[in-house]
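Inspection log for the structure reproduced underneath, given as structure tokens.
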Amino acid sequence: MTVVAIIGGGFTGALTAWHLAWQTLDVQIIVIEPRDRLGAGLAYSTADPAHRINVPASRMTMRTDIADGLHRWIEAQGIALSPNSVTAEGALFPQRGVVADYVAQALAPDLAQGRIRHLRTRATGLTRTDRFRLTLENGTALEADHVVIATSHPPPALPASLAALRDDPRLIADPSDAAAITAAALTRRVMVLGTGLTSADVVASLDRQGFRGAILALSRRGQRSRGHAVGHPESDADFAVTPARTALWLLRRVRAEVARDAAHGLPWQAALDNVRRDGPAIWAALPQAERARLVHRLRVWWDVHRFRIAPQVEAVLDHLIAQDRLRIRAGHLIGIERDKAGLIVTWTPKGRTARREVFDRVILTTGPAHDRIIAGSPVLASAAIDGLLRADALGLGLDVTDGCRAVGATGAPVPDLWIAGPLARGHVGELMGIPEVTAHAELVASRVADAIAKDRPHTRTA
Ligand SMILES: Cc1cc2nc3c(=O)[nH]c(=O)nc-3n(C[C@H](O)[C@H](O)[C@H](O)COP(=O)(O)OP(=O)(O)OC[C@H]3O[C@@H](n4cnc5c(N)ncnc54)[C@H](O)[C@@H]3O)c2cc1C
């Protein structure tokens, strides 16, 4: 039997396995994932009720031919959602764990029948002779004919300037550490480094757990993730027609479309949704130097407009800001010193002089260490040493061909080694939210199924 090993069983790995199981016969699919459940990954393994999906359920799905798959599933299953999960306009923003339940239920029959196997361990090495050889943290090894890499988000890394505080429990380097956030909720002075979606998660979580103090959220530009506008008509802005060839041209065009929409009463979100829809065409049209310019100059703005927060979380932030208990500021962190009274933070507000403030906790929400994708992962580092993969030119993920194959150290595609999900975003452009990740997992599954069927045509089912 042909063996396909998928490294990483978050949303991407689970969906790739599921679509591959549909499209093939006589193929053993093995997902290597240390978490208990396939499909949960970093985003959907949270049990915190304050953590909600950040796009409505009507736009999240496991299959692209049913765009509102999650919404339908919630209704069909009669899933009991907390009362404030539904907005006045009827949009569902359930707690994020619901997504993991949705994926788990879909995969259950394949897992029960053994078409998909879940190995609850971590891959530590990947090399190739005739077949791929994976070494696993549990001391065993595995041979496979095809390997799909779907490890996506590396763990957050502590900045070198904070290394001396590594063992201080008052510095929370991993915001998914639920116990540490619960302990922080009992304090009065919290600093959050980062002002994006994870920062919003942390603030909502502290508030839910009865935090009574004040929070300073700091980032270089002090931009918080924006909210949704639901129930508006679609914009007819089309960025795929004669796509922009420079980042500046793209920016001007987006601004012009937003202004044109505004004149017709549409919110800015309408045109931005179309930028996201047209993402692949926009990205494909940009020369590499312009992609780099876009990543360096515009990404921070794109991120805060594109990664929106659930209305429930937005309401918590607005309430705390109105009470003067949440300050979101632009500035630079200079350093943090330990003191009996707390952590003394020296920071410079943008355009002003440095100041010192004492906090009981400092929570890092600057996100996964995407700049250490290979170095931070033993399995990817081992594959890179073997020449099987390399980072993409923009440092967003791994180098990938049009056909989703890994590009090796020599620049040539590596047969039967595939990259699925956000790790391929340097090639695809926007590839982080569920709609794009689902489409990519489907694509990778069909490429793998086609490759297997070349030698064994009877294995292809659809
Ligand atoms: C906090 C958060 C919230 C989000 N919320 C939304 C949302 O509401 N809506 C939306 O559309 N998008 C959302 N996203 C974006 C998107 O859904 C995720 O980026 C997407 O789920 C990516 O899933 P993944 O499986 O590719 O990556 P991950 O979730 O990172 O999963 C990768 C998996 O690989 C495993 N792994 C890593 N290394 C190894 C190894 N060596 N061996 C075996 N396994 C390994 C990890 O344990 C992990 O489970 C969110 C993202 C984050 C981070």
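Once the Kirkwood radius over Cα pairs is known for region 211-259, the Stokes-Einstein relation at 37 °C and 0.692 mPa s delivers a diffusion coefficient of 224 µm²/s.
Determine the gain in length on full extension of the stretch residue 66-residue 325; use 0.36 nm per residue of separation and subtract their C-alpha separation, reporting nm with one decimal.
Values: separation 259, 0.36 × 259 = 93.24 nm, distance 4.21 nm.
Value of the extension gain: 89.0 nm.
Farthest towards the positive end of the charge dipole of region 121-257, among the residues 153, 141, 175, is the Cα of 175, using unit charges on the Cβ of Lys, Arg, Asp and Glu.
A 1.4 Å probe run over region 65-196, with the rest of the protein chains in place, finds 49 Å² accessible per residue.
How high is the relative contact order of region 108-165, given as a whole-number percent (alpha carbon pairs under 8 Å, six or more residues apart)?
Details: 46 pairs, mean separation 10.5, N = 58.
Answer for region 108-165 is 18 percent.
With the charge dipole of region 146-281 set up from +1 on Lys and Arg Cβ and -1 on Asp and Glu Cβ about the Cα centre, the Cα lying farthest toward the positive end among the listed residues 199, 258, 223 is that of 223. Sequence-ordered 3J(HN,Hα) estimates for region 289-295 from the Karplus curve with 6.51, -1.76 and 1.60 and θ = phi - 60° stand at 5, 6, 4, 4, 4, 4, 5 Hz, glycine and proline given as x. Taking a Cβ cut-off of under 13 Å around residue 46, the surrounding Lys, Arg, Asp and Glu residues balance to a net charge of 0, with basic ones at +1 and acidic ones at -1. Using a cutoff of 8 angstrom between alpha carbon atoms and counting only pairs six or more residues apart, the relative contact order for region 406-462 works out to 23 percent. Contact order for the chain, expressed relative to its length and based on alpha carbon pairs under 8 Å spaced 6+ residues apart, stands at 21 percent. Less than 5 angstrom separates the built amide H of residue 126 from those of 135, 382, 383, all sequence-distant by 5 or more or on a different chain.
Given region 1-95, what percent of its DSSP beta bridges are antiparallel, to the nearest 5?
Percent antiparallel among DSSP bridges in region 1-95 is about 25.
Between residue 183 and residue 350, the FRET efficiency from the beta-carbon distance, with R0 = 30 Å, is close to 0.45. Couplings for region 24-32, taken from phi via the Karplus curve 6.51 cos²θ - 1.76 cosθ + 1.60 with θ = phi - 60°, read 9, 10, 6, 10, 8, 10, 10, 9, 9 Hz in order; Gly and Pro are left as x. Using a simple spin-label model with pseudo-atoms 7 Å out from Cα toward Cβ, residue 262 and residue 214 lie 3.3 nm apart. Between residue 226 and residue 129, what is the FRET efficiency for a Förster distance of 51 Å, r being their Cβ-Cβ separation, to the nearest 0.05? Working from the Cβ atoms, E equals 0.50. Taking packing as the residue-averaged number of other Cβ atoms within 10 angstrom, the listed peptides 346-355, 299-308 run from highest to lowest as 299-308, 346-355.
Charged neighbours of residue 76, selected by a Cβ distance under 15 Å, balance to -1 (K, R count +1; D, E count -1). Overall, the chain carries a charge dipole of about 1460 debye about its Cα centre when +1 sits on the Cβ of Lys and Arg and -1 on the Cβ of Asp and Glu, all other atoms neutral.
Can you work out the PRE-style zone for residue 432? Point 7 Å along Cα to Cβ, and I want the residues of region 183-203 with backbone N under 20 Å. Residues 192-203 qualify, since their backbone N sits under 20 Å from the label point. From the Cα gyration tensor of region 288-360, with a ≥ b ≥ c the square roots of its eigenvalues, which class applies: rounded if a/c is under 1.5, or else prolate if a/b is larger than b/c, or else oblate? It comes out oblate by the Cα gyration axes.
Summed over all non-identical Cα pairs, the Kirkwood treatment of region 1-142 gives a radius of 16.3 Å. For the peptides 273-283, 448-458, the ranking by mean Cβ contacts within 10 Å, running from highest to lowest, is 273-283, 448-458. Under the membrane-span-like helix rule (DSSP H runs whose alpha carbons stretch at least 15 Å along the helix axis, mean Kyte-Doolittle hydropathy 0.0 or higher), the chain yields 11-23, 97-113, 197-208, 247-263, 311-322, 434-455. For residue 397, the amide hydrogen comes within under 5 Å of the amide hydrogens of 392, 426, counting only partners 5 or more places away or on other chains and with H modelled in the peptide plane. For region 396-409, putting each phi into the Karplus relation 6.51 cos²θ - 1.76 cosθ + 1.60 with θ = phi - 60° gives couplings of 8, x, 10, 6, 9, 8, 4, x, 6, 7, 5, 9, x, 4 Hz, in residue order, rounded to whole numbers and with x for Gly and Pro.
The values are calculated or read from the model by the stated rules, or taken from the named source; none is laboratory data. These numbers were taken from a predicted model, which means no experiment stands behind them. Cβ atoms come from the backbone with ideal geometry, glycine included; neighbour counts cover every protein chain shown. Note: areas computed on protein heavy atoms with side chains; ligands, DNA, RNA excluded. Shrake-Rupley method; radii C 1.70, N 1.55, O 1.52, S 1.80 Å.
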